[in-house]
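In what follows, a single structure is set out as structure tokens and then discussed.
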Amino acid sequence: MPEISDNTIHTLRKQIGERIRNARLTKGMTQEQLAKAANINQGDLSQIENGNASLGRDRAERIAQVLHINPESINLRKQLNPQLAAEISPKSHGGDTPAGGTPPPAGPHKTNTPAATPTK
């Protein structure tokens with residue numbers, strides 16, 4: 001599995017911190033108010049908003065609930081998954097694509113057979 005650089009992780013943390021800060025300010029909340037409502041130390045929240053601390057799923061969910069935002073938008077792991085997918089894509093590393101360029105079928109396919117119409 002490819003490694004994600006510290007710089008990439010820091011950049012993503014900063015982006016997530018900015019999303020949290022923007023959502024907090026949009027709601028008219030101070031860091032202290034958000035921290036209290038989400039049961040998070042205010043110093044930790046400051047570090048998260050500045051991209052200097054890891055958020056974690058539990059804290060992301062609590063913050064998202066208070067701010068009424070999607071927790072996936074502030075979850076570092078969710079942000080890293082597309083990054084990992086791009087780094088190991090078949091285009092860049094050969095993958096499972098045969099010489100002809102068409103990938104093999106991905107399991108059973110559904111047919112477009114119409115459903116039976118119930119009789120009266």
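Can you find even one residue in region 25-37 that is of a type in the set (D, E, K, R), buried (at least 16 other Cβ atoms within 10 Å of the Cβ), part of a helix (DSSP H, G or I) and modelled with pLDDT of 95 or more? Give the derivation first.
Residues of region 25-37 that are of a type in the set (D, E, K, R), as a first pass: 27, 32, 36.
Still in the list and also buried (at least 16 other Cβ atoms within 10 Å of the Cβ): none.
There is no residue in region 25-37 that is of a type in the set (D, E, K, R), buried (at least 16 other Cβ atoms within 10 Å of the Cβ), part of a helix (DSSP H, G or I) and modelled with pLDDT of 95 or more.
For region 3-21, check the following and say yes or no: at least one residue is at pLDDT below 90, assigned to a loop (DSSP other than H, G, I, E, B), more than 20 Å from the chain's Cα centre (by Cα) and surrounded by fewer than 16 Cβ atoms within 10 Å (Cβ to Cβ).
Scanning region 3-21, I find no residue that is at pLDDT below 90, assigned to a loop (DSSP other than H, G, I, E, B), more than 20 Å from the chain's Cα centre (by Cα) and surrounded by fewer than 16 Cβ atoms within 10 Å (Cβ to Cβ), so the answer is no.
Of all residues in region 40-51, which are surrounded by fewer than 16 Cβ atoms within 10 Å (Cβ to Cβ) and either at pLDDT below 90 or not in a helix (DSSP H, G or I) (or both)?
If the condition is that a residue be surrounded by fewer than 16 Cβ atoms within 10 Å (Cβ to Cβ) and either at pLDDT below 90 or not in a helix (DSSP H, G or I) (or both), then N41, N50 are the ones that fit.
Looking at S54, S92, S73, can you tell me which residue is modelled with pLDDT under 90, in a loop (DSSP other than H, G, I, E, B) and of a type outside the set (A, V, I, L, M)?
On inspection, the qualifying residue turns out to be S54.
Is it the case that R13 is out of contact with any Pro (no Cβ under 6 Å at 6 or more places or on another chain) and within 12 Å of A64 (Cα to Cα)? So that I can check it myself, show each step before the final result.
Details: out of contact with any Pro (no Cβ under 6 Å at 6 or more places or on another chain): yes; within 12 Å of A64 (Cα to Cα): no.
So R13 does not fit the description; no.
Applying the selection to region 52-62, what residues are of a type in the set (K, R) and either buried (at least 16 other Cβ atoms within 10 Å of the Cβ) or under 15 Å from G17 (Cβ atoms) (or both)? Can you show your working first?
So in region 52-62, the residues of a type in the set (K, R) come out as 57, 59, 62.
Answer for region 52-62, where residues must be of a type in the set (K, R) and either buried (at least 16 other Cβ atoms within 10 Å of the Cβ) or under 15 Å from G17 (Cβ atoms) (or both): R59, R62.
The values are calculated or read from the model by the stated rules, or taken from the named source; none is laboratory data. These numbers come from a predicted model, not from an experiment. Here the Cβ is made from the backbone with ideal geometry for all residues, glycine too, and neighbour counts use every protein chain on show.
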